[in-house]
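Worksheet: one structure, shown below.
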């Protein structure tokens, strides 16, 4: 007759403070936090400029991080018109990933598309400058995609606060 197996649960230590988390989890939390902060700034800027704003605008196969839009009744066509769409990158990405960001922005068909790179999420300045440079080359293949940095978003926020 087979031995009975114990049905007791094995409890494992669960970290209670951020310092106790594994390094990869800490990094994930950091990247999420800086992305969320940038999204909040973009929402604030959009609202100050009298746009309606939203996070995670759904598109075929994914979503756009932040969109500024207007509501306008155009009979038999639409009521909500996206004006500016933003994708936010917080760490090094492959060229294919950046092309995907630009493609997703084009799918939305907003007049203005912006990919924002947040330097504080990158491992070093060289990595950041390299991805910024190649992204600007890709953006030039479109007529309405712009590459910006987190520092520029901070400047935008300061400008709209002064109004």
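The set of residues from the stretch 153-163 being in contact (Cβ under 8 Å) with a residue 24 or more places away in the chain and part of a helix (DSSP H, G or I) comprises 153, 154, 156, 157, 160, 161.
Just one of the listed residues (86, 112) is exposed (fewer than 15 other Cβ atoms within 10 Å of the Cβ) and in contact with a strand residue (DSSP E or B) (Cβ under 6 Å, 6 or more places away or on another chain), and it is 112.
Would you check if residue 86 is under 27 Å from residue 49 (Cα atoms), in contact (Cβ under 8 Å) with a residue 40 or more places away in the chain and in contact with a helix residue (DSSP H, G or I) (Cβ under 7 Å, 6 or more places away or on another chain)? Give the steps one after another, and end with the answer.
Working: under 27 Å from residue 49 (Cα atoms): yes; in contact (Cβ under 8 Å) with a residue 40 or more places away in the chain: yes; in contact with a helix residue (DSSP H, G or I) (Cβ under 7 Å, 6 or more places away or on another chain): yes.
Against the criterion (under 27 Å from residue 49 (Cα atoms), in contact (Cβ under 8 Å) with a residue 40 or more places away in the chain and in contact with a helix residue (DSSP H, G or I) (Cβ under 7 Å, 6 or more places away or on another chain)), residue 86 qualifies.
Scanning the stretch 37-47 for residues that are over 16 Å from residue 152 (Cβ atoms) and surrounded by 15 or more Cβ atoms within 10 Å (Cβ to Cβ) gives a single hit, 43. Evaluation of residue 73 against the conditions (1) part of a strand (DSSP E or B); (2) surrounded by 13 or more Cβ atoms within 10 Å (Cβ to Cβ); (3) without any contact (Cβ under 8 Å) to a residue 12 or more places away in the chain shows that the sole unmet condition is (2).
Scanning the stretch 121-141 for residues that are surrounded by fewer than 17 Cβ atoms within 10 Å (Cβ to Cβ) and either touching a strand residue (DSSP E or B) at 6+ places or on another chain (Cβ under 7 Å) or part of a helix (DSSP H, G or I) (or both) yields a count of 9. For the stretch 108-127, does any single residue satisfy the condition of being within 21 Å of residue 32 (Cα to Cα), without any contact (Cβ under 8 Å) to a residue 24 or more places away in the chain and in contact with a helix residue (DSSP H, G or I) (Cβ under 8 Å, 6 or more places away or on another chain)? There is at least one residue in the stretch 108-127 that is within 21 Å of residue 32 (Cα to Cα), without any contact (Cβ under 8 Å) to a residue 24 or more places away in the chain and in contact with a helix residue (DSSP H, G or I) (Cβ under 8 Å, 6 or more places away or on another chain).
Give 8, 56, 3 a once-over and let me know the one that is modelled with pLDDT of 90 or more and exposed (fewer than 15 other Cβ atoms within 10 Å of the Cβ). After applying the criteria, what remains is 56.
The values are calculated or read from the model by the stated rules, or taken from the named source; none is laboratory data. Predicted model, so just to flag it, every value in this text is computed and none were measured. For neighbour counting, all protein chains shown are included, and Cβ atoms are generated from backbone atoms with ideal geometry for every residue, glycine included.
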